[in-house]
Amino acid sequence: MTSVDDLFMRLSRSAFRQRFHLGRAEYVYCQQKGEALIRQHAADFVKQRLSAAEPANDGRQTPMRGHPVFIAQHATATCCRGCLSKWHAIPQHQALTAEQQAWVVAVIGRWIQQEMAQPVPPARPAKSKSHSDDNDNRQLDLL
Ligand SMILES: [Zn+2]
């Protein structure tokens with residue numbers, strides 16, 4: 001297993017992984033729940049969604065929104081067994097050990113800590129009224 005520092009160094013070079021950040025709602029959620037509870041949620045998600053030898057819907061089991069831990073999982077390549085294999089050298093097709101689960105939770109926890117060290121993210125900007133044409137709206141939705 002690689003060290004956490006080495007992992008975060010490698011993640012910092014991935015434009016895809018760097019795109020993920022806590023939004024204001026997730027940030028406030030973490031503030032309200034506290035670090036211990038968020039880590040407990042992370043441990044539960046890892047156990048339920050990742051730890052089986054063949055997890056259900058593997059590759060699609062981690063939503064893109066809805067919980068700060070989900071975002072952390074995409075940011076840290078702990079979203080599915082394929083990413084765990086590629087980035088964390090955790091082999092697929094076998095159940096995660098307690099130690100491997102603890103590693104994943106530690107990585108998620110560190111990423112959230114890093115995000116929480118930043119200022120509160122701004123509220124989502126209101127939708128622009130200037131694009132009233134339907135085609136423009138459709139284009140914007142694709143982004
Ligand atoms: Zn993945």
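Evaluate segment 10-21: report whether one residue or more is farther than 14 Å from A75 by Cβ and either hydrophobic (A, V, I, L, M, F, W, C) or within 13 Å of the chain's Cα centre (by Cα) (or both). So far as segment 10-21 goes, no, none of its residues is farther than 14 Å from A75 by Cβ and either hydrophobic (A, V, I, L, M, F, W, C) or within 13 Å of the chain's Cα centre (by Cα) (or both).
Please tell me if I108 is surrounded by 14 or more Cβ atoms within 10 Å (Cβ to Cβ) and not in a helix (DSSP H, G or I). Criteria not met by I108.
In segment 14-52, the residue that is nearest to the ligand (Cβ to nearest atom) out of those that are in a loop (DSSP other than H, G, I, E, B) and surrounded by fewer than 12 Cβ atoms within 10 Å (Cβ to Cβ) is R19. Of the residues making up segment 106-126, just one is touching a Phe, Trp or Tyr at 6+ places or on another chain (Cβ under 9 Å), more than 16 Å from the ligand (Cβ to nearest atom) and among the β-branched types (V, I, T), namely V120. Those residues that are over 23 Å from E26 (Cβ atoms) and either at pLDDT below 95 or of a type in the set (A, V, I, L, M, F, W, C) (or both), I need them from segment 45-67; list them, please. Scanning segment 45-67 gives A52, A53, A56. Of the residues making up segment 77-111, just one is of a type in the set (V, I, T) and in contact with a Lys or Arg (Cβ under 7 Å, 6 or more places away or on another chain), namely V105.
Against the test of being in a helix (DSSP H, G or I), more than 24 Å from Q31 (Cα to Cα) and modelled with pLDDT of 95 or more, the options L96, L84 yield a single qualifying residue, L84. Given the criteria at pLDDT below 95 and away from the ligand (no atom under 12 Å from the Cβ), does M9 qualify? The answer is no for M9.
Residue check: L7 meets all listed conditions (1) farther than 16 Å from A106 by Cα; (2) in a helix (DSSP H, G or I) but one, namely (1). Selection of segment 121-143 for residues being surrounded by 11 or more Cβ atoms within 10 Å (Cβ to Cβ) and either at pLDDT 95 or above or in a helix (DSSP H, G or I) (or both) yields D136, N137, Q139, L140. The residue of segment 53-78 that is nearest to the ligand (Cβ to nearest atom), among those that are among the hydrophobic types (A, V, I, L, M, F, W, C) and farther than 23 Å from E35 by Cα, is A56.
The values are calculated or read from the model by the stated rules, or taken from the named source; none is laboratory data. Everything numeric here is computed off the predicted structure, so don't read it as measured data. Note that we place each Cβ from the backbone using ideal geometry, even for glycine, and neighbour counts take in every protein chain shown.
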